[in-house]
Amino acid sequence: MSTASTATVPGVTTRDHEDDDGWPRLVEAVRASGQYDTLTKAEQVTRTVLAALGAHVIGDERVDLARALPEEAARLIASQIPATHRLTAARFVDEVASRTPGATPATARWDVSSVLSALPPLIGDDLVTRILTQLPPGYALLFGRADLSPAA
């Protein structure tokens with residue numbers, strides 16, 4: 001059974017969800033990946049990282065990402081104003097650290113990797129590849145992939 005909902009990404013007006021438990025499953029995947037003690041911590045990390053990511057994925061990839069994610073995650077992506085410039089992977093991690101009370105660059109990198117590496121099973125490898133193509137080098141490792149781009 002499908003239910004439709006409205007998203008705010010331009011070009012995404014309805015989303016079909018086969019079930020309503022996608023968000024809890026995503027949070028649980030992040031909890032397991034990041035070895036967080038509680039679901040509350042995993043949910044906070046997931047919200048912070050997806051909100052940061054939402055500002056840096058644009059165009060068709062942003063629309064397709066919102067469509068592929070559970071409704072709550074899609075809202076986090078869609079509610080962000082697109083950034084005017086792309087952050088390097090290291091600066092992206094720093095941005096997440098600045099949004100997380102008590103975070104260090106090391107804990108923020110862990111948080112980012114825990115969330116982004118949980119996304120490929122949900123969104124598919126093709127979309128991950130498309131997202132990585134539009135982001136600066138260095139993000140592949142955060143998504144749990146080897147970064148095979150040539151050194152600059």
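The values are calculated or read from the model by the stated rules, or taken from the named source; none is laboratory data. Please read these numbers as outputs of a predicted model, since none were measured by experiment. Heads up, the Cβs are rebuilt from the backbone with ideal geometry, glycines too, and the neighbour counts pull from every protein chain shown. Areas reflect the complete protein model, heavy atoms only, side chains present, ligands, DNA and RNA absent. Shrake-Rupley method; radii C 1.70, N 1.55, O 1.52, S 1.80 Å.
When 106, 52, 32, 90 are screened for being surrounded by 20 or more Cβ atoms within 10 Å (Cβ to Cβ), of a type in the set (Gly, Ala, Ser), in a helix (DSSP H, G or I) and modelled with pLDDT of 95 or more, only 52 passes. Among the residues of segment 60-70, is any modelled with pLDDT of 95 or more and either within 15 Å of residue 113 (Cα to Cα) or assigned to a strand (DSSP E or B) (or both)? No, every residue in segment 60-70 fails to be modelled with pLDDT of 95 or more and either within 15 Å of residue 113 (Cα to Cα) or assigned to a strand (DSSP E or B) (or both). Checking each residue of segment 48-55 against the condition of being closer than 19 Å to residue 98 by Cα and without any contact (Cβ under 8 Å) to a residue 12 or more places away in the chain gives no match. Only one entry in 73, 68 is open to solvent by less than 10 Å² (accessible area, probe 1.4 Å) and touching a helix residue (DSSP H, G or I) at 6+ places or on another chain (Cβ under 7 Å), namely 73. Here residue 83 meets the list (1) in a helix (DSSP H, G or I); (2) open to solvent by 10 Å² or more (accessible area, probe 1.4 Å) almost entirely, failing just condition (1). What do you reckon, is residue 147 free of Cβ contacts under 8 Å to residues at least 24 places away in the same chain, acidic (Asp, Glu) and not in a helix (DSSP H, G or I)? When the stated conditions are applied, residue 147 passes them.
When restricted to residues that are over 16 Å from residue 51 (Cα atoms), among the small types (Gly, Ala, Ser) and in contact (Cβ under 8 Å) with a residue 40 or more places away in the chain, segment 95-143 contains 2. Residue 118 meets the conditions (1) over 20 Å from residue 58 (Cβ atoms); (2) exposed (fewer than 14 other Cβ atoms within 10 Å of the Cβ) in every case but one. The failed one is (2). For residues in segment 35-49 being open to solvent by 60 Å² or more (accessible area, probe 1.4 Å) and polar (S, T, N, Q), which is nearest to residue 73 (Cα to Cα)? My answer is 44.
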